1. Enumerate the pairs (first residue in the range 139-164 and closer than 23 Å to residue 183 by Cβ; second residue anywhere and surrounded by 10 or more Cβ atoms within 10 Å (Cβ to Cβ) and modelled with pLDDT under 75) with beta-carbon separation below 9 Å, excluding pairs fewer than 6 apart on the same chain, so at least 6 apart or on different chains.
2. Which one of these is part of a helix (DSSP H, G or I) and either within 30 Å of residue 32 (Cβ to Cβ) or at pLDDT 70 or above (or both): 100, 104?
3. Got a sec? Which of 173, 183, 166, 140 is within 30 Å of residue 107 (Cα to Cα), in contact with a helix residue (DSSP H, G or I) (Cβ under 7 Å, 6 or more places away or on another chain) and either part of a helix (DSSP H, G or I) or modelled with pLDDT under 80 (or both)?
4. Does residue 121 satisfy the condition of being in a helix (DSSP H, G or I) and at pLDDT below 75?
5. Please go through the range 30-58 and give me each residue that is assigned to a helix (DSSP H, G or I), in contact (Cβ under 8 Å) with a residue 24 or more places away in the chain and over 34 Å from the mean Cα position of the chain (by Cα), ordered by number.
6. Does the range 14-29 hold any residues that are out of contact with any helix residue (DSSP H, G or I) (no Cβ under 7 Å at 6 or more places or on another chain) and not in a loop (DSSP other than H, G, I, E, B), and which are they?
7. Within the range 17-38, does at least one residue satisfy the condition of being within 25 Å of residue 124 (Cβ to Cβ) and surrounded by 10 or more Cβ atoms within 10 Å (Cβ to Cβ)?
C-alpha cells in the first residue's frame with residue numbers, strides 16, 4: 001500500500017480543526033486549504049525541521065472531503081434503516097430483532113471482503129478490522145441477550161400488575177357485597193381479559 005495522504009499524516013489537533021472547517025457550510029474547500037496550510041505553518045514554526053508537517057493540496061483535501069461525505073451518507077442511511085427497523089420490530093419477538101442483527105453483521109462482513117478486494121485493507125490493517133468485526137459480533141450477541149431479558153422482565157412486571165389489579169378487583173367485589181364465589185369469578189374474568 002502506498003504512502004498515507006498528507007491529511008492522514010496531520011497532527012490530531014490540525015485534523016480536528018480541518019474537519020470542523022469542512023463541516024462549516026460557510027467555509028469553501030479552497031478556504032479550508034488556505035486555513036489548514038496557515039495552521040500547518042504555525043505548527044511547523046513550533047516544531048523542528050525533523051518534525052515538519054507537509055502542506056495539504058487542493059486535490060488531497062477534495063479527495064478527503066468526498067470520502068468523508070460518502071462515510072457521512074452511509075452513516076445517515078444506516079441510522080435511517082436502523083430507526084425504521086426499530087420502529088417496526090420494537091414490539092416484535094426478539095428472534096426477529098436477532099435475525100436482523102445477524103443480517104447486518106453478514107452485510108458488514110461482505111462489505112469488508114469487498115474492501116479487501118479493492119485493496120482498501122492490507123495485511124497491516126486487516127487484524128484491526130478483524131478484531132473490530134469480532135467485537136461487533138460479540139456486542140450484537142450481548143445486545144440481543146439484554147433485549148430478551150428486558151422483554152422477559154417487562155412481561156413479568158405486566159403479569160404481576162395484572163395479578164395485583166385482579167386482587168384489588170376481587171377485594172372491591174367482596175366489599176360491594178358479593179360472596180367469595182362471585183368475587184373469584186370476576187377476578188378470573190379480569191385476569192383473562194387483561195392477558
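1. Hits for this filter: 158/194; 161/194; 162/190; 162/191; 162/194; 163/191.
2. That would be 104, the only listed residue that is part of a helix (DSSP H, G or I) and either within 30 Å of residue 32 (Cβ to Cβ) or at pLDDT 70 or above (or both).
3. After applying the criteria, what remains is 140.
4. no
5. 43
6. 15, 16, 19, 20, 23, listed by residue number.
7. There is at least one residue in the range 17-38 that is within 25 Å of residue 124 (Cβ to Cβ) and surrounded by 10 or more Cβ atoms within 10 Å (Cβ to Cβ).
The values are calculated or read from the model by the stated rules, or taken from the named source; none is laboratory data. Please read these numbers as outputs of a predicted model, since none were measured by experiment. When we count neighbours, we look across all protein chains shown, and the Cβ atoms used for this are built from the backbone with ideal geometry, even at glycine.
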